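Data first, discussion second: the structure below is written as structure tokens.
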Amino acid sequence: MFDKQKTIAKKISLQGVGLYTEKNVTITFKPAPENSGFLFVRTDIEEKPSIKAHLSLLFNETTDRGIILEKNGLKICTSEQVLAALMGMDLDNVIIELDNMEFPIMDGSSKYFVEAIEKAGVIEQNAERGYYSIKEIISHVDSKTGGEIIASPSKKLEIVTLVDFDSKFINIQNAVLKYPDQFKKIASSRTFCFLYEKENLKKNGNISRYSSSSNEIAKHNLLEIMGYLTLIGVKLKGKIIAYNTDSHINTQFARKLIQNIQTHKDVPKFDLTKKPILDIRNIMKILPHKPPFLLVDKIMELTEDCVIGVKNVTMNESFFMGHFPKEPIMPGVLQIEAIAQVGGILVLNQVKNPEYYSTYFLKIDKVKFKKKVIPGDLLVFQVDLLEPIRRGIVHMQGKGYVNNQLVVEAEVMAKIVKIQES
């Protein structure tokens, strides 16, 4: 059963003072439509411009002052505690109005935002929630500070933070978030500062108390990480371990997550353990190609508009003798040819006596090679019919994957031609 997206049941407002602007701010949480995400709206500006919470809008200036989002000169500052509250309360779509550029600091935690969301209530929506499951180790290390953050595969989101500043004033700390009901205790952890920052903040009267509990700094770092994770635009499943992180590390790690998501975006799931629909003998009955120029070994799925085929790339391929002797790489043109052959099975399987037909290239378009294909790779192709076959003209899109990573893609157009019967 799929999870449903969630928003709040009704609008609710609260007031506070900005940490850096020192101005009074009123913020209002409002229900948002499905697939909206978290949307900030500046009500102090006549046009009421909006900014979506996403890393692509992160302001390039210093990140020492938390998350600053910018769009067309419009800024939203210090939103990390609000975003952490929205994530921790398991929300997907919320409109957040504010009448200043900066969110109120409150007590330096997410506590008051969480309480407001609880009062408003949380409701399910009809749309299904999307998740991204981390499939490989993703990490970022700051060579200057030694701070590090690592993500690994897991069936649910888990976050562990470790703090060791090598200071006699701050003990070694850790905090863990494994279950949703742990979040409220973490949400009350307040921001912290070092001694050289303390007097200035105290003078401004923005933060009246400082972190003192045994692991409050570690818990607050966990909140900060949650705030940055909302900026990747999708719910995560994975285990994250963070050591002495800061805003810069969180930003770079979020960028790597987005890059990883884009790399694996829309990668179909292939079940290569089941019995193939067509083995090599059946394939040779359909395609006119024969070894050594037959570039598909088996067909795993076959419908009227989609086919999935597999090519085992081995060192025995004849083309590796010259391409290249010291660095064997499957030629890109042969990868496109393999897409065409898999697509040929999709088309010729639908005609009577396929052995009396051939397919000829008319056009190749939108070709992209993402990674090298080398001996030992298992190349999985998915070819989809882009439009109905008319007058023997076939328009298809093919993609090739190795280890669940896209390595080649192209659109091909071909013509089915009946050859003379022998």
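Since every read-out is calculated from the coordinates, none of them should be taken as a lab result. Predicted model, so just to flag it, every value in this text is computed and none were measured. In this analysis, Cβ positions are derived from the backbone assuming ideal geometry, glycine residues included, and neighbour counts consider all displayed protein chains.
Along the positive direction of the dipole of region 2-101 (beta-carbon charges: Lys, Arg +1; Asp, Glu -1; about the Cα centre), which of Ile45, Asn72, Ala32 reaches farthest?
Among Ile45, Asn72, Ala32, the one farthest towards the positive end of the dipole of region 2-101 is Ala32.
For the chain, what size does the Cα cloud have along each of its three principal axes, sorted from largest down, in whole Å?
Here the spans come out as 94, 47, 39 Å, largest first.
Between Glu46 and Phe361, 0.36 nm times their residue separation minus their Cα-Cα distance comes to what?
Extra length available between Glu46 and Phe361 comes to 107.7 nm.
At most 11 other Cβ atoms within 10 Å and a DSSP loop assignment: could you name the chymotrypsin sites (Phe, Trp or Tyr not before Pro) in region 118-175 that fit?
Numbers: sites: Tyr131, Tyr132, Phe165, Phe169; in loops: Phe165, Phe169.
Listed in order of number, the matching sites are Phe169.
Between Asp107 and Ser36, 0.36 nm times their residue separation minus their Cα-Cα distance comes to what?
Length gained between Asp107 and Ser36: 22.7 nm.
Measuring from label point to label point, each 7 Å out along Cα→Cβ, what is the Lys372 to Glu327 span in nm?
0.5 nm
Separation between the Val176 and Asp246 pseudo-spin-labels, each 7 Å from Cα along Cα→Cβ, expressed in nm?
The modelled label-to-label distance comes out at 2.9 nm.
Along the charge dipole of the chain, Cβ charges K/R +1 and D/E -1, which of Thr191, Phe361, Ser109 sits furthest on the positive end?
Phe361
As I understand it, the dipole of the chain uses +1 on the Cβ of Lys and Arg and -1 on the Cβ of Asp and Glu, about the Cα centre. Which of Met89, Ile277, Tyr131 lies farthest toward its positive end?
Ile277
For Ala9 and Thr21 in one chain, what is 0.36 nm times their gap in residues minus the Cα-Cα distance, to one decimal in nm?
Fully extending the segment from Ala9 to Thr21 adds 1.2 nm.
Using +1 on the beta carbon of Lys and Arg, -1 on that of Asp and Glu, and nothing else charged, what's the dipole of region 338-422 about the Cα centre, debye to 20?
That gives region 338-422 a dipole magnitude of about 220 debye.
Using label points projected 7 Å from each Cα along Cα→Cβ, tell me how many nm separate Ser214 and Thr314, to one decimal.
6.1 nm
What is the magnitude of the charge dipole of region 1-160 about its Cα centre, with +1 placed on the Cβ of each Lys and Arg, -1 on the Cβ of each Asp and Glu, and no other charges, expressed in debye to the nearest 20?
In debye, rounded to 20, region 1-160 gives about 320.
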